[in-house]
Amino acid sequence: MSGALIVSVSGIRDDTCDNAAEFALELDKRGVAQSLLVAPRLKDKYRLTKDENTQDWLRGRRDLGDAIVLHGYDQAATKRRRAEFAALPRHEARLRLMAADRVMEQTGLRTRVFAAPRWIASPGAVAALPEAGFRMLAGLSAIHDLDTGSLVRARVLGIGEGFKAEPWWCRALVIGAGRTARRGGTVRLAVSAKQLGRSGPRQAILDAVDLALYSGATPGVYEHVRRVRAA
């Protein structure tokens, strides 16, 4: 039984977009679409609304079959050493989601799929997602369909943005991806665009992709497919 392969890239902005673009071309050669994790605001006063080049690239990649995933609002820690949505109550999470959704709509990148920074969403944030119009949550250890309540259990194997990037971890990631694919599970690979600028992490992700494909995994993206009820 073959499983699925989902590759996601986060931290895409003005100074990392070229890294993401080069990586996308490598995935294109392999017939693998990617999920692009986008936040309206990032550190150093970055604003997606003012970065037209990255907006254009993201829209172009979406047209080619990649998926856009909301990845927080500004990724600022809401509690000390906690990722943005890791400890938020429902009301505050809803306000941040709605603010982010407005920016995504303004830039033509609106999505119904959400992945919290560091992949961690509090119970309040999870409860707020449907209220803000979201239909899927990609969490650290599972992918949740918020319409039906169903989920696919699969843990993220990542490099950067909360995950290690040392050589030993890169090797472990490749081994883990191959093992999961051989068992028919869902291989979820994640990498930050910043780490794609380093040859070691970049090659590790590509090796993991190749091994998963060789083991029979079918490429896919984080997307919510609306189900039509039979009459």
Net charge over other residues, Cβ less than 11 angstrom from the Cβ of Glu26 (K, R count +1; D, E count -1) | 0
On each of the three principal axes of the Cα atoms of the chain, give max minus min coordinate, whole Å, ordered largest first.
-> 48, 44, 36
Using a 10 angstrom cutoff on alpha carbons, build the Gaussian network for the chain and name the most mobile of Gln203, Gln195, Gln34.
-> Gln203
Can you give the accessible area per residue of region 49-196, in Å², using a 1.4 Å probe?
-> 48
Rounded to a whole number, what % of the accessible area of the chain do carbon and sulfur atoms account for, probe 1.4 Å?
-> 49
Hey, what's the Cα Rg ratio for region 162-222 versus the globular rule of thumb, 2.2 N^0.38 Å?
-> 1.07
So what J values fall out for region 41-57 if you push phi through Karplus, 6.51 cos²θ - 1.76 cosθ + 1.60 with θ = phi - 60°, rounded to Hz, Gly and Pro as x?
-> 9, 9, 4, 6, 6, 5, 10, 4, 4, 9, 10, 5, 5, 5, 4, 4, 5
What length, rounded to one decimal in nm, is gained on full extension from Ala21 through to Leu151, with 0.36 nm per residue of separation minus their alpha-carbon distance?
-> 43.7 nm
Efficiency of FRET from Cβ geometry, Asp28 and Gln106, R₀ 30 Å, rounded to 0.05 | 0.60
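The values are calculated or read from the model by the stated rules, or taken from the named source; none is laboratory data. Everything numeric here is computed off the predicted structure, so don't read it as measured data. Positions of Cβ are generated from backbone atoms using ideal geometry, with glycine treated the same way; all protein chains shown enter the neighbour counts. Remember, those area values only see protein heavy atoms, side chains included, never the ligands or the DNA or RNA. Shrake-Rupley method; radii C 1.70, N 1.55, O 1.52, S 1.80 Å.
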